[in-house]
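The values are calculated or read from the model by the stated rules, or taken from the named source; none is laboratory data. Remember, predicted model here, so these are calculated numbers, not experimental data. Don't worry about glycine lacking a Cβ; one is built from the backbone with ideal geometry, like all the others, and counts go over all protein chains shown.
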Amino acid sequence: MRVLGGRYQLVNRIGLGGMSEVWLGHDQVLDRPVAVKIMAPAVQGTLGEAGIELIRSEARSAARLAHPNVAGVHDFGTSPMPGRLDVPYIVMELVEGQTLSQHLRDGPLDWRIGVRICAEVAAALAAAHAEQVVHRDIKPANVMLTPSGAKVLDFGIAAAIGQPEADPDGPVMGTPAYVAPERFDGLPASPASDMFGLGSLLYHCLAGRLPWTTKSHTELIHAQRYWDPEPLPYLDGLPPEVLDLCFRCLRRDPAERPTALVAALLLAEAVDARVYVPLSDLSGLEQPVPAWDEQAAVEPTYTGLPAVPDAAGGIVPVETVVPVEQPEHAGRHRADI
């Protein structure tokens, strides 16, 4: 079997996309299963160094996110190939489950399940946006449903917030049904464009179809820019605030869409779920450093205990005691404080 980086053994292919393929792998150092994403053979020779940089950029974008609803990245490397440029690869957390697109093939989900999934996707987006990363390809195929919750996959076309397109005259990156209309006007990626994708995802979960019924990608792009989404079918018990949020995410004006943080909290509350969102920015608040932290910062690091001879001539370690200033109330009983 092929081994990458002298460490990652490729077992069998488990996924295939337009530019890359994903393999079940085995980390021989840590003895654990992993997912390994490598460039598809069909494009290995066409992208050159740009392909390596593209995969490296994806690895960096995802590696910045430590979040329970984002598939974790473990490693990045390149593997030599005879007569060709090195092939880049990403080693990721192996996520067990099925994609949301596989579940949606059978029709709409129970609205409670769909709302919970989208709450977790919104929480993942909130974490990404807090790190100045825009996913740009939120869609059912990039959401894995696992026993521990939804996992957002594939940061392959992620970009920094406000980053212009490398080729302004080239095709818009993403899947048309989930791409915000302003992206077709040449505007750079933004958190609001991810929120349009989330709105389409939520609508799809609730209705079992997309917000616009069209016959081609051209018609769909036109509909997104000029038509209102079709009404959702009646769903018994669906909170009106969820319905309102869904259509606000699909607004044509990016400024009118909610943030991922707002969406995550509102959707989670609607189904009594728990999501993990980034803390508010505390940079403007004065954060005093506790005295014991200041002392820990200046104290030398001891690698072992000093030794002195004992009465019999042997060597015994002597514990080093660092005096620490005690707080005023030290030694008092709890009732005295």
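This table checks each residue for (1) in contact with a strand residue (DSSP E or B) (Cβ under 6 Å, 6 or more places away or on another chain); (2) outside the structural domain of Leu153 (by TED's automatic domain parsing); (3) modelled with pLDDT of 80 or more; (4) crowded, with 17+ Cβ neighbours inside 10 Å.
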residue	(1), (2), (3), (4)
Val36	yes, yes, yes, yes
Pro41	no, yes, no, no
Gly45	no, yes, no, no
Glu58	no, yes, no, yes
His67	no, yes, yes, yes
Asp86	yes, yes, no, no
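Since Glu53 meets every condition but one in (1) at pLDDT 75 or above; (2) under 25 Å from Ala124 (Cα atoms), which condition does it not meet?
(1)
Being of a type outside the set (A, V, I, L, M, F, W, C), surrounded by 17 or more Cβ atoms within 10 Å (Cβ to Cβ), outside any helix (DSSP H, G or I) and touching a helix residue (DSSP H, G or I) at 6+ places or on another chain (Cβ under 9 Å): is that true of Asp75 here?
Details: of a type outside the set (A, V, I, L, M, F, W, C): yes; surrounded by 17 or more Cβ atoms within 10 Å (Cβ to Cβ): yes; outside any helix (DSSP H, G or I): yes; touching a helix residue (DSSP H, G or I) at 6+ places or on another chain (Cβ under 9 Å): yes.
Judged against the criteria, Asp75 is a match.
Among the residues that make up region 165-184, is at least one of them at pLDDT 90 or above and not in a loop (DSSP other than H, G, I, E, B)?
No: zero hits.
Identify, please: which residue in region 120-146 is part of a loop (DSSP other than H, G, I, E, B) and at pLDDT 90 or above and is, among those, surrounded by the most Cβ atoms within 10 Å (Cβ to Cβ)?
Once the filter is applied, the top-ranked residue is Ile138.
All but one of (1) over 15 Å from the mean Cα position of the chain (by Cα); (2) surrounded by 15 or more Cβ atoms within 10 Å (Cβ to Cβ); (3) modelled with pLDDT under 90; (4) of a type outside the set (Phe, Trp, Tyr) hold for Glu93, so report the exception by its number.
Looking at each condition in turn, Glu93 falls short on (1).
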